[in-house]
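Only one structure is covered here, and it is reproduced in the block below.
The values are calculated or read from the model by the stated rules, or taken from the named source; none is laboratory data. As the structure is a prediction and not an experimental result, all values here were calculated from the model. Cβ sites come from the backbone with ideal geometry, for glycine too, and all protein chains shown count toward neighbours.
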Amino acid sequence: MTLSDSILAYSAGMLALVALSSWLLARRPSWLRFLVLGAVLAVAAIVGARYIAPGPEVFRALHLLAYGVFGAGPIYLLAAAWIARQALPRLVAASLAGVALIALVGIDAFWIEPYWLEITRHEIVTDKIDQPLRIAVVADFQTDHFAQYQRDSLRAVMDAKPDLILMPGDYIQGARIPWDELRDQFNAFLHEIDFGAPLGVVAVQGNTDAPKWPSIFAGLPVHTIIDNETVPLGPVTVTGLHEWQGFQDDTVVEPRPGFHIVVAHSPNFALGDIAADLLVAGHVHGGQVRIPFFGPPITFTSVPRDWAVGFTSLPGNRTLAVSRGVGMERHEAPRLRFLCRPELMLIDLVPAKP
């Protein structure tokens with residue numbers, strides 16, 4: 001079953017359930033019946049998304065669930081408001097408030113936050129460098145088209161004037177146009193803005209990247225790491241990991257001279273024996289959806305939830321930095337972010353005072 005077929009089947013089923021629930025509510029309008037029927041619809045939306053989109057593709061199930069939340073949900077609330085318009089004015093008010101809330105969340109999640117880049121700044125004090133040094137982490141660009149947001153994000157990287165740029169993978173995903181054409185647009189714009197940094201740019205492979213991903217950076221001062229490789233870059237040493245090794249939780253990386261940075265796509269490698277000062281990853285996207293006081297319900301990583309986003313101090317005077325990413329999951333996933341803006345992460349290394 002294709003995604004389009006799944007959407008049609010799921011939407012038809014949810015609309016039928018909304019119609020049945022509205023009919024049952026109309027027979028005997030009450031707060032209790034309204035809440036019970038709403039709860040039944042919510043369970044049906046979740047279970048239906050899971051079973052109409054069978055198999056391991058969780059993104060398709062989430063895509064369908066978005067239709068339940070932002071489609072079937074408001075229709076049921078509007079129907080309840082109409083049914084209760086005379087007997088239960090407070091239920092009418094609550095239903096309309098629910099519709100407004102869902103609409104506001106949808107506008108934010110689909111049209112505002114995905115294109116509202118946040119620049120976050122972090123600082124590490126170390127005795128392993130003599131001069132301040134700025135690192136930009138540009139993770140999960142993950143685009144299927146090249147438009148103004150993508151250009152503005154890359155300009156923001158250059159405007160930050162980093163000394164070193166680290167790119168933990170996932171550059172192009174599910175292109176709306178042929179991959180080679182999108183690659184050429186990406187590459188041309190990188191040339192246009194003279195993409196680079198004084199100490200260099202190090203890029204590793206993400207799990208959505210095609211085997212020919214290094215060609216995105218053709219003709220640019222970018223060190224693309226295909227397999228595990230250590231690159232000395234002045235006052236720092238960068239070890240890049242192969243895509244699959246970043247997903248392992250028993251990875252071993254030996255010490256290197258100077259301030260040692262290990263970069264991989266997934267943060268799972270941080271669970272291994274990593275002798276480094278700074279561990280850098282992406283992949284998680286911050287979960288793309290964050291629940292207040294809880295965080296992301298899904299992280300797609302084996303590291304603890306509180307490691308999956310931002311800066312985490314690890315034993316051995318190490319720091320794990322996991323970027324929320326510049327883009328978002330494409331392919332069959334719902335294209336949204338909620339309470340989880342895209343991120344350009346800047347890390348300032350500051351010399352320790354003698």
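Which ones in region 205-216 are out of contact with any helix residue (DSSP H, G or I) (no Cβ under 7 Å at 6 or more places or on another chain) and either of a type outside the set (S, T, N, Q) or closer than 16 Å to Asp163 by Cα (or both)?
Here is the first cut: in region 205-216, the ones out of contact with any helix residue (DSSP H, G or I) (no Cβ under 7 Å at 6 or more places or on another chain) are 208-209, 211-214.
Passing the criteria: Asp209, Pro211, Lys212, Trp213, Pro214.
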When (1) among the aliphatic types (A, V, I, L, M); (2) modelled with pLDDT under 95; (3) surrounded by 14 or more Cβ atoms within 10 Å (Cβ to Cβ) are applied to Ala81, the one that fails is (2)
Apart from one, (1) at pLDDT 95 or above; (2) out of contact with any strand residue (DSSP E or B) (no Cβ under 7 Å at 6 or more places or on another chain); (3) loosely packed, with under 15 Cβ neighbours inside 10 Å all hold for Pro221; the odd one out is (2)
Here the residues within region 308-325 that are surrounded by 21 or more Cβ atoms within 10 Å (Cβ to Cβ) and either outside the structural domain of Asp277 (by TED's automatic domain parsing) or assigned to a strand (DSSP E or B) (or both) are Leu320, Ala321, Val322
Taking region 113-136 and keeping only residues that are exposed (fewer than 13 other Cβ atoms within 10 Å of the Cβ) and not acidic (Asp, Glu), one is left with Trp116, Arg121, Val125, Gln131, Pro132
Within region 1-47, the residues that are among the hydroxyl-bearing types (Ser, Thr, Tyr) and in contact with a Leu (Cβ under 8 Å, 6 or more places away or on another chain) are Ser6, Tyr10, Ser21, Ser30
Ala87 passes all but one of the listed conditions (1) surrounded by 13 or more Cβ atoms within 10 Å (Cβ to Cβ); (2) outside any helix (DSSP H, G or I); (3) touching a residue at least 40 places away in the same chain (Cβ under 8 Å); the exception is number (1)
Just one listed residue, out of Ala72, Ala42, is assigned to a helix (DSSP H, G or I), surrounded by fewer than 16 Cβ atoms within 10 Å (Cβ to Cβ) and not basic (Lys, Arg), and it is Ala42
For region 134-146, does any single residue satisfy the condition of being among the acidic types (Asp, Glu), modelled with pLDDT of 95 or more, assigned by TED's automatic domain parsing to the domain that holds Phe217 and farther than 24 Å from His63 by Cβ?
no
